[in-house]
Amino acid sequence: RSSLPVWEVAQEGLRVRDCSAMTTSNGYKWQKGKLRRLENLQPEIKELAQRLRYEVSVRGKQLGWSEKVARSHFARNMRRIVTELYIRDNCHPFKATLLLWVQVPMWVCVSLALRNCSVGALGSAVQEQFSSGGTLWFTDLTAPDSTWILPVSLGLVNLLVVEIFASQTKMPVSRIQKFVTNFFRAVSVVMVPIAATVPSCMALYWLSSSLVGLSHNLLLRSPAFRRLCCIPRTSSHSDTPYRDMLAALATKYSLRGQQR
């Protein structure tokens, strides 16, 4: 395309995000199937953990194991049991990241393409159209947003997506999952100063893409939409997801405030 004025940059974010969702629709169903199986495994894992803890305790008393040795035996055997369950039901958590490996490369490619347009790599005519194709406070799409409105909005939307996902997770949270959640929180914060140094067209694209991701996240929690798309119900699904989401976020941050 010869030009991408401000509304087309925003639309490009929507198109790319929707295109990745459409082209990976089968992958999305596959991903939801893995997550559903993983969630349905949790009661069985909990029961097996209790049984294994009792067996290790009895065995430890018979052989005179120290508490450290008993914990080591429990952890090693629990990892083996969980791995066998993942293999049995074909639902390893890593397989649920399929869409991420499709969307991230597309996000990077579009970001680099917009950067090339803004710096004149595709010709001065394209750069001129970018420099005069903005609106509101960011009239020049080739310059960074000096007001920081786009970067801060991007950080807030990304943090909201992370917190919504974290608050709705009802399965036991492992150390790795906590690390991943905190990592994405850090990335959301770090993206704010980065977005303030890149051309406004890139920050606008990132913001529009994040807004689409947030809307997808909220839409997929709608019971009516899930029934329409024939998405199977799991034990964590609620008939009032948005009310529960707000309550979970309010409880989470009120407890943090009391602890401080």
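Of all residues in segment 20-74, those being modelled with pLDDT of 80 or more and of a type in the set (Gly, Ala, Ser) number 7.
This table checks each residue for (1) open to solvent by less than 20 Å² (accessible area, probe 1.4 Å); (2) at pLDDT 85 or above; (3) within 30 Å of residue 131 (Cβ to Cβ).
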residue: 147; (1), (2), (3): no, yes, yes
residue: 151; (1), (2), (3): yes, yes, yes
residue: 155; (1), (2), (3): yes, yes, yes
residue: 172; (1), (2), (3): no, no, no
residue: 186; (1), (2), (3): no, yes, no
residue: 190; (1), (2), (3): no, yes, yes
residue: 193; (1), (2), (3): no, yes, yes
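Residues that are in contact with a helix residue (DSSP H, G or I) (Cβ under 8 Å, 6 or more places away or on another chain), at positive phi and either open to solvent by less than 80 Å² (accessible area, probe 1.4 Å) or modelled with pLDDT of 75 or more (or both) are absent from segment 96-113 altogether. The selection criterion, being outside any loop (DSSP other than H, G, I, E, B) and open to solvent by 70 Å² or more (accessible area, probe 1.4 Å), does not hold for residue 163.
The values are calculated or read from the model by the stated rules, or taken from the named source; none is laboratory data. No experiment lies behind these values; they were computed from the predicted model shown. FYI the Cβ positions are ideal-geometry reconstructions off the backbone, even for glycines, and counts take in every protein chain you see. Accessible surface areas use protein heavy atoms only, side chains included; no ligands, DNA or RNA. Shrake-Rupley method; radii C 1.70, N 1.55, O 1.52, S 1.80 Å.
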